[in-house]
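Student: Sharing a structure below in structure tokens format, with a few things to ask.
The values are calculated or read from the model by the stated rules, or taken from the named source; none is laboratory data. Everything numeric in this text was worked out from a predicted model, so none of it was measured. We place every Cβ from the backbone using ideal geometry, glycine too, and count neighbours over all the protein chains shown.
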Amino acid sequence: MRPAAGIRRPAFGLGLIGLLSFIVGVLGQGSWGIGARAAPSAVSVAVTDVTGGAGNRRPVRAQLSLTITNLGTDEVSVLPPLTAGNGARVLGLQPSVPVVKPKTVAVVDADVALDCDAAQPLQLPDLQLLMIDGVRRSVEIGDSGRILEACSRAVSAVRPLAVELGPIAKDDSRPGHDRRRSIVLSSPTGRRIDVTAVRSGGVTLLTPPKPVTVTGSARVVVQLTAPATCPVQWRVAGIPSSLSVDLVPGSDAGATLRLRLGPPLTTWLLATSCPRSP
């Protein structure tokens with residue numbers, strides 16, 4: 001009988017080790033990520049629309065549309081960020097705890113508060129993903145530079161970029177049809193802005209060979225060139241009254257700011273590119 005007892009001891013020891021390994025594995029999942037069933041790269045988040053920002057409220061309030069893509073095999077729950085970002089805070093999500101099914105795309109609204117006059121570029125904080133096994137992961141919000149669109153609608157003191165129309169460059173060969181006009185760019189907050197293009201009504205008026213940098217109290221003059229003929233877009237939608245300014249990633253990330261200039265811009269474009277037939 002003793003040999004039998006001797007055989008049972010190793011079996012008992014192996015069973016105890018297996019039980020301990022199971023307990024450690026289960027308890028360790030939350031802190032070590034053991035057993036996680038979805039890779040962080042399987043879920044992505046991007047800003048697809050920005051509304052709000054108008055008025056003199058500080059911090060500036062805006063609403064974002066976030067597109068959440070889940071390419072994984074398990075559903076994930078989306079939770080608000082644990083901390084604030086650089087000059088940007090997510091106040092809440094709608095729905096409050098959205099669940100994104102596998103292989104699907106969901107749209108979530110986010111209420112945000114923006115310190116548009118911050119000294120550094122604005123950056124949204126990471127959202128939190130709750131996996132079905134209880135593991136939490138952080139996911140960056142892509143295209144967060146678009147939050148500057150809300151700042152461009154706020155009071156002038158906190159706008160990322162200001163623009164003024166300058167004089168028209170005279171063209172003696174075509175009196176009354178001068179196609180070049182200067183604009184003056186400035187940064188009301190002093191934060192650096194890098195401009196890659198200026199458009200109006202979908203038509204490019206400026207594409208500099210390298211980005212135009214606006215920073216501090218500098219006032220930068222650039223030349224716009226109106227198209228030689230009236231673009232189809234303007235014939236259909238009307239002569240524009242605002243400029244769309246594209247920014248390069250690295251200043252405040254890629255974004256497009258809309259700057260309204262009103263009748264003076266419309267009058268110039270009408271006279272140069274879309275004159276009425278005599």
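Student: Consider residue 116 against the criteria (1) within 19 Å of the chain's Cα centre (by Cα); (2) surrounded by fewer than 16 Cβ atoms within 10 Å (Cβ to Cβ): it satisfies all of them except one. Which criterion is unmet?
Tutor: So the condition that residue 116 fails would be (2).
Student: Working only within segment 91-113, note down all residues that are surrounded by 19 or more Cβ atoms within 10 Å (Cβ to Cβ) and within 28 Å of residue 215 (Cβ to Cβ).
Tutor: Of everything in segment 91-113, just one residue is surrounded by 19 or more Cβ atoms within 10 Å (Cβ to Cβ) and within 28 Å of residue 215 (Cβ to Cβ), namely 112.
Student: Which residue, of 216, 202, is under 25 Å from residue 67 (Cβ atoms), outside the structural domain of residue 60 (by TED's automatic domain parsing), surrounded by fewer than 14 Cβ atoms within 10 Å (Cβ to Cβ) and not β-branched (Val, Ile, Thr)?
Tutor: Values: 216 fails: under 25 Å from residue 67 (Cβ atoms).
One residue alone meets the criteria, 202.
Student: From the list 130, 122, pick out the single residue that is touching a Ser or Thr at 6+ places or on another chain (Cβ under 8 Å), within 16 Å of residue 150 (Cα to Cα) and modelled with pLDDT under 95. Full working, then the answer.
Tutor: Values: 130 fails: within 16 Å of residue 150 (Cα to Cα).
None of the others qualify; the one that does is 122.
Student: If the requirement is being of a type in the set (D, E, K, R) and within 26 Å of residue 65 (Cα to Cα), which of these qualifies: 191, 179?
Tutor: Working: 179 fails: within 26 Å of residue 65 (Cα to Cα).
Result: 191 is the single residue among 191, 179 that is of a type in the set (D, E, K, R) and within 26 Å of residue 65 (Cα to Cα).
Student: Go through segment 126-205 and tell me which strands (runs of 3 or more DSSP E), entirely inside it, have 3 or more residues that are of a type in the set (Val, Ile, Thr). Before you say what the answer is, go through the steps one by one.
Tutor: Numbers: elements: 127-130, 136-139, 162-168, 180-186, 193-200.
Filter on segment 126-205 gives 193-200.
Student: Ok, one more. Confirm whether residue 152 is of a type in the set (Ser, Thr, Tyr), out of contact with any Cys (no Cβ under 7 Å at 6 or more places or on another chain), in contact (Cβ under 8 Å) with a residue 12 or more places away in the chain and under 22 Å from residue 197 (Cα atoms). Steps first, please.
Tutor: Values: of a type in the set (Ser, Thr, Tyr): yes; out of contact with any Cys (no Cβ under 7 Å at 6 or more places or on another chain): yes; in contact (Cβ under 8 Å) with a residue 12 or more places away in the chain: yes; under 22 Å from residue 197 (Cα atoms): yes.
Spelling it out, residue 152 is indeed of a type in the set (Ser, Thr, Tyr), out of contact with any Cys (no Cβ under 7 Å at 6 or more places or on another chain), in contact (Cβ under 8 Å) with a residue 12 or more places away in the chain and under 22 Å from residue 197 (Cα atoms).
Student: If I ask for residues that are out of contact with any strand residue (DSSP E or B) (no Cβ under 6 Å at 6 or more places or on another chain) and surrounded by fewer than 20 Cβ atoms within 10 Å (Cβ to Cβ), which ones from segment 154-164 would you list?
Tutor: 155, 156, 157
Student: Evaluate the following for residue 111: is it outside any loop (DSSP other than H, G, I, E, B) and closer than 30 Å to residue 53 by Cβ? Steps first, please.
Tutor: Working: outside any loop (DSSP other than H, G, I, E, B): yes; closer than 30 Å to residue 53 by Cβ: yes.
It is true that residue 111 is outside any loop (DSSP other than H, G, I, E, B) and closer than 30 Å to residue 53 by Cβ.
Student: I need the full set of residues from segment 49-60 which are at pLDDT 90 or above and out of contact with any Asp or Glu (no Cβ under 7 Å at 6 or more places or on another chain), in order please. Quick ask: steps written out before the conclusion?
Tutor: First, the residues of segment 49-60 that are at pLDDT 90 or above: 49-52, 59-60.
Those that are at pLDDT 90 or above and out of contact with any Asp or Glu (no Cβ under 7 Å at 6 or more places or on another chain): 49, 51, 52, 60.
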